[in-house]
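Scroll down for the structure; my scribbles are underneath it.
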Amino acid sequence: MLVEVAVPVPLFQTFTYKLPEEFLILTHIGCRVIVPFGKRTFTGIIISFIESSSIPKLKSVLDVLDESPAISPRMIKFANWLSEYYLSPIGETLKTMLPQGMSNESSQLIQLNDINYYDVIQELRKSAPRQSAIITALTDHKEGIQLSSLRKAVGSNNLTTQLKSLEEKGYINISSFTKKLIKPKTCLAIKLNDSFLLNEEKLKILLNDLDLKAPKQADIMLALLYQLDKNKTEHILASNILSITNASESALKGLLNKKAIEIYEIEISREDVISLDSYENLKVNSLPIIPNSEQKILIDEINNSIDSDIYKCFLLHGVTGSGKTIVYIEAIKNCIKNKKTALMLVPEIALTMQLVERFTLIFGNRVVVMHSRMSEGERYDGWRRVNENGCDLVIGARSALFAPLKNLGLIIVDEEHESSFKQYDQQPRYQARDAAVVRGSIEGTVVILGSATPSVESYFNALNGKYKLIELNQRADKATEPKMIIVDIAKARKENKMIGALSDKLIELIKQKKIKNEGVILFQNRRGFATRIECSNCSHSPMCPNCAVALTYHKTKDELHCHYCNYQRIVEKSCTICGSKDLKQPGVGTQKVEEELLEKIADIKVLRMDLDTTSKKGSHKKILDDFAIGNADVLLGTQMVTKGLDFNRVSLVGVVSADSSLMIPDFRSSERTYQLITQVAGRAGRRSGLEADVIIQTSQPENPAIQSSFTKDYLSMFHYEIQNRKELRYPPFSRFIVIEIRSEDKTLAEGHSEIFKKLLPSKDLSMEILGPSPALIWKLRSLYRFQIIVKNIKIIDPSGKKFMKIFTSAYDTYMKRFAKKDVQIIIDVDAQGI
């Protein structure tokens, strides 16, 4: 028997292998198998069985890893759609669907030799910045780092030449190894011997004897009896008993020799255990149990669709604070009642944590969480629990879309407009919102896309009947809309009513809210202190050696950072061009806003929430918990604070600079500005009787996006955007596709972009092709980037299959005739920007 296997390599094909007889009974479509591939081994997925092949000297499957399929037939069908639509190799697509650690593959381990790495980094910084970045990354991993992890740390897939050079110089050592498959975690558990459980007199005699001769063993027995009774379970973890009694392992062995206890191994989960006791501060935020009349109408309509077992997609457009979450909860309850499961996608980890806490209060321990901040083991445990029907609800960010839920009845995409639902840095570059709709149609489930500020594409689909539009127009719990105030920054500066980044009006309102012990959220969409350092004499700004961007100044460490490749260095005290010591710090980041708050308002307590303060595991939760219970006056942050956070105490929201997203040369900039302002404004006044204010600081008060957010008029924003996009043939009237050509050699990147452009049709009514031209950030992580923009016109090519055929043909020709190792071709279908 022969099998077709999808192997996780960047090739648009499957591979045929012989299946040894001993594996015939074990093997099913969707099972993982270990296969040889060149000089390496990979874990692939069986796609199909075939009886013959014209390929000579076929290799054999080395091992079968699953007794039952790891990926179901429906999920394989879903993977095929993802692969075809997003032009992603099927092997890489299927690998994405499984947690890291479930793929056994040979790899390389990179280790730093015993060198003075500081001097080496300085030496390489100018002559070979990529090699300098590699050494910098290795300094954090003295024991070595896998090649795949090093690629992520440096921000490049193409490190072969650089690593070979560093090895020849004697700076690093490269060795091969086979990564071990992740396995369930086990630990020792203790239970009482049945003879003592069934004979109370015998137990009493033992305890009396131990009390005189072995008091620590007596302590263990008493603690074991207490814990078993309290927790209503058969066993207790050995580590827990030893911790409670402060006893040693020898005491356990003594009891084992007396046959008083049994010790054995059990599987335990590495998932974060959610304890209801630890969320007491959130109970005040728990939602009302009874939906209002407006919510009940929508709930009934959704539940009728769930009951009918057919696919239907709803776009839930509800103003901020209207209680969309109540609708989600009631729909999930109905799913569980019908013995179905539910999946809920959210855009941010911070939002995941708040929802998990809330939903756990309602659904107990039948909730599984999936997001990127979990360890490899925790994600594997969560996946296994879902695959074994151990939950009713999965909540997670983008990758939770691939949770192996059985009998799926409902998919919810909360804040469906968020760009973070788009995978942009690895294959497949899928849009989780759109893919969720496709998975829903394959599974035959109900899909809800929810947002106070729906994406233009989703609202257009609803108006055209592809989705069913349902709306919540009133805030829940009789909460009133906050008062909106626009501060014209240019005018305020002329009138000396603005010093630094904060206006007098915003400072005054923060002081008032502080006196009342009410919460304040401030939004500034840039982290760091200043956007750059600039010489007052010659206007020079230090640039990243790896990227075509100015370095951002971080005052807390007195460092310059690149937010793209993570390059860092101590800030210079004088200009490197003219020597002037007069260095300015233009632009405003979250660190500068925090410093100004601390200077202008006495005793104010500020929690800053950006990538710099949330890098550690659990940091999101700690910041949100502290703010929820009033340990801080102000929650200051980047986009993390705009998305779905629910705090009853917030009565003021300030948008420090509403213009930053308008400055981006992108066709979605106005839509995103409206969404950001409206979403963060919706965090204010979510409790009945709480008077709330929203201040928008802007230099463009007449801009349509600013005005629409000020008047809370979604339709005016939508109609303005849809007219512009129709004229310019942007989404939803086309698929916006970016073909990017990258290389460390600028001439190669530019030349190969011209070659690829000529492989595409010069005239085709289904496509408008622009470029090639340098990318907006023309150098990123030491790679020069040129882009070809394709607008695939939907009215002519509705499914996109014509474009897929054209691109695949062009790509195959390019790979056969022109491809070079030093050049990468990346395609991003439905790109979020350029």
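The values are calculated or read from the model by the stated rules, or taken from the named source; none is laboratory data. Since the structure is predicted, the reported quantities are computational estimates derived from the model, not experimental observations. Note that we place each Cβ from the backbone using ideal geometry, even for glycine, and neighbour counts take in every protein chain shown. Accessible surface is based on the protein model in full, side chains and every heavy atom, while ligands, DNA and RNA are left aside. Shrake-Rupley method; radii C 1.70, N 1.55, O 1.52, S 1.80 Å.
So which residues in region 399-458 are assigned to a strand (DSSP E or B) and either on the phi > 0 side of the Ramachandran plot or among the hydroxyl-bearing types (Ser, Thr, Tyr) (or both)? Across region 399-458, the qualifying residue is only 451.
Of the candidates 39, 59, the single residue that is open to solvent by 50 Å² or more (accessible area, probe 1.4 Å) and over 35 Å from the mean Cα position of the chain (by Cα) is 59.
One residue alone among 538, 575 is of a type in the set (A, V, I, L, M, F, W, C), touching a residue at least 24 places away in the same chain (Cβ under 8 Å) and exposed (fewer than 15 other Cβ atoms within 10 Å of the Cβ), and that residue is 538.
Number of residues in region 149-175 that are in contact with a Lys or Arg (Cβ under 9 Å, 6 or more places away or on another chain) and modelled with pLDDT under 75 equals 5.
For the condition more than 25 Å from the chain's Cα centre (by Cα), among the polar types (S, T, N, Q) and on the phi > 0 side of the Ramachandran plot, residue 517 qualifies. From the list 765, 770, 760, the one residue that fits, being open to solvent by 50 Å² or more (accessible area, probe 1.4 Å), free of Cβ contacts under 8 Å to residues at least 60 places away in the same chain and within 16 Å of residue 827 (Cα to Cα), is 770.
Identify, from the list 695, 677, the residue that is within 27 Å of residue 588 (Cα to Cα) and either at pLDDT 95 or above or in a strand (DSSP E or B) (or both). Every option except 695 fails the conditions. Scanning region 513-533 for residues that are outside any loop (DSSP other than H, G, I, E, B), open to solvent by 50 Å² or more (accessible area, probe 1.4 Å) and either without any contact (Cβ under 8 Å) to a residue 40 or more places away in the chain or within 30 Å of residue 569 (Cβ to Cβ) (or both) yields a single hit, 515. Among the residues of region 806-834, those that are open to solvent by 50 Å² or more (accessible area, probe 1.4 Å) and of a type in the set (S, T, N, Q) comprise 808, 809. For region 125-146, what are the residues that are under 14 Å from residue 167 (Cβ atoms), in a helix (DSSP H, G or I) and out of contact with any strand residue (DSSP E or B) (no Cβ under 9 Å at 6 or more places or on another chain)? The one that is under 14 Å from residue 167 (Cβ atoms), in a helix (DSSP H, G or I) and out of contact with any strand residue (DSSP E or B) (no Cβ under 9 Å at 6 or more places or on another chain): 131. Remark: pairs (first residue in region 579-592, more than 14 Å from residue 637 (Cβ to Cβ); second residue assigned to a helix (DSSP H, G or I) and not acidic (Asp, Glu); Cβ separation under 8 Å; 6+ apart in sequence or on different chains) = 585/592. Within region 27-34, one or more residues are open to solvent by less than 70 Å² (accessible area, probe 1.4 Å), in contact (Cβ under 8 Å) with a residue 40 or more places away in the chain and in a strand (DSSP E or B). Restricting 834, 777 to those that are under 32 Å from the mean Cα position of the chain (by Cα), hydrophobic (A, V, I, L, M, F, W, C) and in a loop (DSSP other than H, G, I, E, B) reduces the list to 834.
Looking at the structure I just gave you, is residue 765 aliphatic (A, V, I, L, M) and not in a helix (DSSP H, G or I)? So residue 765 passes the test. Restricting the search to region 582-617, which residues are assigned to a loop (DSSP other than H, G, I, E, B) and open to solvent by less than 50 Å² (accessible area, probe 1.4 Å)? Of everything in region 582-617, those that are assigned to a loop (DSSP other than H, G, I, E, B) and open to solvent by less than 50 Å² (accessible area, probe 1.4 Å) turn out to be 586, 587, 588, 589, 601, 604, 610, 613, 614.
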